[in-house]
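Colleague: My questions all concern the structure below.
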Amino acid sequence: MRSCYRINAPGQAHFITATIVELLPIFSTSACCDILVASLAHCQQQKDLKIYGWVILDTHFHPVLAARELSSVLRDIKSYTAKLLLEQIATEGREWLLNELRHYRAAHKSTGFQVWQEGSHPQAIPTDEIMEQKLDYLHANPVKRGLVASPEHWRYSSAHAWLPGAMPVLRCDAWR
């Protein structure tokens, strides 16, 4: 089913939810997470994507992003990462996961697999207060799921990016 949510405020920050089809655990390995991080970093450098916060969990990721053509950038990220993720999953020998991605492919898809659910449920962030709420929410995700005791302990998150001496996996842009 296609999402009814749209990005109607070009250039404004949006909270995004990008989910793997049927909530399959693609991002359970560092190699798969690194593919998504590298794609985000590329778009940040080459497509003027602003990244204000992010977290990757096994079945989805939440970023807060802004770009003049955010819909196009998101489409490109999903398309590019889908190909690389399928290759990585095959390399890792996770045949069961490839079988699931093949099985749950939407009928109108021209490829043999579907990695990402359609849509990204974008929510515009019009105020600093809402920005703080969204950043707190996404950083708290690994804690709520019992994966870490504190948000900054999760490697694939921007929660630790502002700590003294931190070596962030992905640089965030300042939003204030």
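Please treat every number below as a calculation from the coordinates, not as lab data. All figures in this text were calculated on a predicted structure; none of them were measured in a lab. Virtual Cβ from ideal backbone geometry, glycine too; neighbours counted across all protein chains shown.
Colleague: Residue by residue through the range 157-163, what is 3J(HN,Hα) from phi via Karplus (6.51 cos²θ - 1.76 cosθ + 1.60, θ = phi - 60°)? Round to whole Hz and write x for glycine and proline.
Modeller: Karplus-based 3J(HN,Hα) across the range 157-163 equals 7, 8, 4, 8, 4, 9, 6 Hz.
Colleague: Moving on. Mind giving me the FRET efficiency for residue 47 and residue 92? R0 is 35 Å, r the Cβ-Cβ distance, nearest 0.05 is fine.
Modeller: 0.75
Colleague: Still on this structure, please answer the following. Any chance you could check the Cα centroid distance between the range 97-127 and the range 136-150 for me, in angstrom?
Modeller: 24 Å
Colleague: Mind checking which of 60, 133, 159 is farthest towards the positive end of the chain's charge dipole, using Cβ charges of +1 (Lys, Arg) and -1 (Asp, Glu) about the Cα centre?
Modeller: Checked the options; the winner is 60.
Colleague: In the Gaussian network model of the chain, springs joining C-alpha atoms below 10 Å, which of 116, 154, 96 carries the largest mean-square fluctuation?
Modeller: 96
Colleague: Let me ask you something else. I need the phi-derived Karplus couplings for the range 147-156: 6.51 cos²θ - 1.76 cosθ + 1.60, θ = phi - 60°, integer Hz, Gly and Pro marked x.
Modeller: Going residue by residue, I get 8, 8, 7, 9, x, 6, 7, 7, 4, 8 Hz, with x marking Gly and Pro.
Colleague: Let me ask you something else. Excluding residue 91 itself, calculate the net charge of residues whose Cβ lies under 15 Å from the Cβ of residue 91, where each Lys or Arg counts +1 and each Asp or Glu counts -1.
Modeller: -2
Colleague: May I ask you to give the average projected area over all directions of the convex hull of the Cα atoms of the chain, in nm² rounded to one decimal?
Modeller: About 10.4 nm², averaged over all directions.
Colleague: I need the calculated FRET efficiency for the pair residue 148 and residue 171, taking r as the beta carbon distance and R₀ as 22 Å, to the nearest 0.05.
Modeller: 0.55
Colleague: In addition: How big is the dipole moment of the chain about its Cα centre under a simple scheme where the beta carbon of each Lys and Arg is +1, that of each Asp and Glu is -1, and everything else is neutral? Debye, nearest 20, please.
Modeller: My answer is approximately 360 debye.
Colleague: Quickly estimate the mean residue ellipticity at 222 nm for the chain, helices only: each DSSP H run with n ≥ 4 gives -39500 (n - 2.57), and the total goes over all residues, rounded to 500.
Modeller: -12500 deg cm²/dmol
Colleague: Something else: Separation between the residue 22 and residue 111 pseudo-spin-labels, each 7 Å from Cα along Cα→Cβ, expressed in nm?
Modeller: 1.7 nm
Colleague: Take a quick pass over the chain and tell me how many lysine pairs come in under 25 angstrom between Cα atoms, counting only ones 8 or more apart or on separate chains.
Modeller: 10
Colleague: Under DSSP H, which helices of the chain have Cα atoms covering 15 Å or more of the helix axis and a Kyte-Doolittle average no less than 0.5?
Modeller: Qualifying helices: 30-46.
Colleague: Follow-up. log₁₀ I(q)/I(0) of the range 128-176 at q = 0.24, 0.29 Å⁻¹, via Debye over equal Cα point scatterers, no solvent, to two decimals?
Modeller: The computed values of log10 I(q)/I(0) come out as -0.94, -1.16.
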